[in-house]
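Taking it in order: structure first as structure tokens, then the write-up.
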Amino acid sequence: MELRHARSCGSRATIPLVSLLPCLVSARSSQALKYGQIQNEHRNKMFAAQQEQQQHQHLQKRSDHVYLTNATTPFAVNGSSLPEIDFDIGESYAGSMPIGNSTTDSLFFWFVPTNNPSAVDEIVIWLNGGPGCSSLDGLFHENGPVNWASGTYRPVRNTYSWSNLSNIVWIDQPISTGFSAGNATATKEDTVASQFMGFWRNFVDTFELKGRKVYITGESYAGMYAPYIASAMIQKQDTEYYNVSGLMVYDPSIGYDGVISQAPTLSFVDQNRNFFPLNDTVNAQIKNISQSCGLDTFMDSALTFPPTGPLPPPPSTYDEVYDYDNCDIYNTIFTAIFELNPCFDIYQLGQQCPLLWDSLGFPYSYDQFYLPDGYTQPYFNRTDVKKAIHAPLDVNWQFCLPGLENPFVGGESDTSPPSGLDGGPLQRVIEHTNNVVIGHGTLDFVLFANGTLATLQNLTWNGVQGFSEYPSQPFYVPYHDHHMDSMAGAGVFGSWTSERGLTFVLTELAGHFLPQGAPSAAYRHLEFLLGRIENLSEVSPYTTQQGYKQPRQALDNGTAWDK
């Protein structure tokens, strides 16, 4: 079975799909419980005050729909009447926009403007991957104004919505993904990019966005989409419509599968042995594969800083066809761990049974979409929801295209070379913008952080190959106000490096869907991409919470703090 990348998996490995992570809370003693009650009382008071303030702010927003014109009225969403959502999300617009002059082909979008005064000249695009997974996943599970997390009974306001920072538009693409209807004619990324730009020109005209700085973001297979789209926009040399100013992709598919999802597998398992209690037979088998297929030797060369020259390819892994018969270490481990933990989550380590239900119908495996009793269809396939967001009623919305389907003609694979090769679109975007961020969750078992880093170490940009140093600078996430329904951590969340216009940031406690696993960290990433902070070690509050006090002392090797 071919992997159908549920949500936005970038690998093409032959594996099924799994579900999402739970949230576990424990109390270890009566003393801890008492202390927790005191904390909760304080937080509840703070939360109530924040809710009252937000209600006032949202009432103000409703009377100030700055993008509402005759042209945009057909797309206006009533933010206070979305099914199941008991709060007002404010001004937003959704619907289908034609691709160029086409009468049959369109892309579906949901546009959420911001009230942030720093964002008046910019717009951020978000793309999920797959290929064939809807970007409404990003809006509803990761970085939109609504968060309906797996296993929870209702949606809540997302404290870390990127719309607090900038104008954000989530777009279903290519054609046949999500609500985007039409004739799927793409066989490669050049066609995908051309169709996207045909849509984008219409979108910019409709919402009067000419001259805006455009930041393209996404995850997983958007590691193909986003660089190809950004590069095509840059080549147009038309800053009225295509003023590309930055790119950020998470856990991206930017290299050959053998490098990004096979070669680093053994080292990943060794670093996370608590999640992989494999028996001696399996351990010996995977160790032999990694050695005999040249994967260990390749990774030792790939993670040399600075690189000593172009990397020698490990056997069979630089080709589009991987030697699965002899070197498929990934599937060997995958099969073994699923016997131990049938609810194992390749997207974020830590999931155990039971499976968590998902309002969007997250695909658990190749042909199974898990919805519990009483829920017959995903949220976005409900007629009342479709009407509320001006979605086509005759489209059967699916989280991701099922089985062997994908948005390329005939269900065939994308014929474009990986975006992260020398002379490819990623290099061109870095050299044009000098503002590219690649983030990676350390708990991702789909695409490995070291595989992405190995791909970058073999890439030349701005005249030099790779990074000169391993990402070691501490990545700081500010301490911030908590909202009880939507909480996330603070402190040192990983490490980063930045050279010649490219930043690579490792993010702890996050898996394949980084803004879902570490929303506060992703919020900081976006601040950096937009130029709101100087670097990812900066000890300062969020730009949207300027008054919140941070630790008195500077970073101490990324570990010690004086609060």
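The values are calculated or read from the model by the stated rules, or taken from the named source; none is laboratory data. None of these values were measured; they are calculated from a predicted model. Neighbour counts run over all protein chains shown; Cβ positions are idealised from the backbone, glycine included.
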Can you confirm whether the range 272-293 contains a residue that is of a type outside the set (Phe, Trp, Tyr), under 25 Å from the mean Cα position of the chain (by Cα) and either surrounded by 23 or more Cβ atoms within 10 Å (Cβ to Cβ) or under 16 Å from HIS440 (Cβ atoms) (or both)? yes
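Condition check ((1) surrounded by fewer than 24 Cβ atoms within 10 Å (Cβ to Cβ); (2) part of a helix (DSSP H, G or I); (3) not aromatic (Phe, Trp, Tyr)) across all residues:
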position	(1), (2), (3)
ALA193	no, yes, yes
GLY198	yes, yes, yes
ARG201	yes, yes, yes
ASP205	yes, yes, yes
LYS210	yes, no, yes
GLY223	no, yes, yes
ALA226	no, yes, yes
ALA230	no, yes, yes
MET233	yes, yes, yes
Which listed residue is crowded, with 23+ Cβ neighbours inside 10 Å, in contact (Cβ under 8 Å) with a residue 40 or more places away in the chain and more than 27 Å from ASP358 (Cβ to Cβ), from LEU530, LEU514: LEU530
Within the range 405-445, the residues that are of a type outside the set (D, E, K, R), assigned to a loop (DSSP other than H, G, I, E, B) and within 24 Å of SER176 (Cα to Cα) are ASN406, PRO407, PHE408, SER413, THR415, SER416, PRO417, PRO418, SER419
Under the condition of being modelled with pLDDT of 95 or more and either of a type in the set (A, V, I, L, M, F, W, C) or surrounded by fewer than 21 Cβ atoms within 10 Å (Cβ to Cβ) (or both), which residue from the range 248-270 is farthest from SER220 (Cα to Cα)? ASP270
Looking at the range 189-211, is at least one residue in contact (Cβ under 8 Å) with a residue 24 or more places away in the chain, under 28 Å from VAL446 (Cα atoms) and of a type outside the set (A, V, I, L, M, F, W, C)? yes
Given (1) in a loop (DSSP other than H, G, I, E, B); (2) farther than 25 Å from LEU447 by Cα; (3) in contact (Cβ under 8 Å) with a residue 40 or more places away in the chain, where does THR152 come up short, assuming only one miss? (3)
So is LEU107 outside any loop (DSSP other than H, G, I, E, B) and either farther than 21 Å from PRO378 by Cβ or in contact (Cβ under 8 Å) with a residue 60 or more places away in the chain (or both) or not? yes
Given the criteria modelled with pLDDT of 90 or more, outside any loop (DSSP other than H, G, I, E, B) and either aromatic (Phe, Trp, Tyr) or under 29 Å from GLY138 (Cβ atoms) (or both), does PHE338 qualify? yes
Checked the range 533-551 for anything within 19 Å of LEU502 (Cβ to Cβ) and either touching a residue at least 24 places away in the same chain (Cβ under 8 Å) or not acidic (Asp, Glu) (or both); matches are ILE533, ASN535, LEU536, SER537, GLU538
Subset of the range 349-404 (residues that are β-branched (Val, Ile, Thr), in a loop (DSSP other than H, G, I, E, B) and modelled with pLDDT of 85 or more): ILE389, VAL395
Cβ contacts < 8 Å: first residue closer than 16 Å to TYR330 by Cα and in contact (Cβ under 8 Å) with a residue 24 or more places away in the chain, restricted to the range 341-358; second residue hydroxyl-bearing (Ser, Thr, Tyr) and assigned to a loop (DSSP other than H, G, I, E, B), any location; separation 6+ or different chain. Result? ASP345/SER19
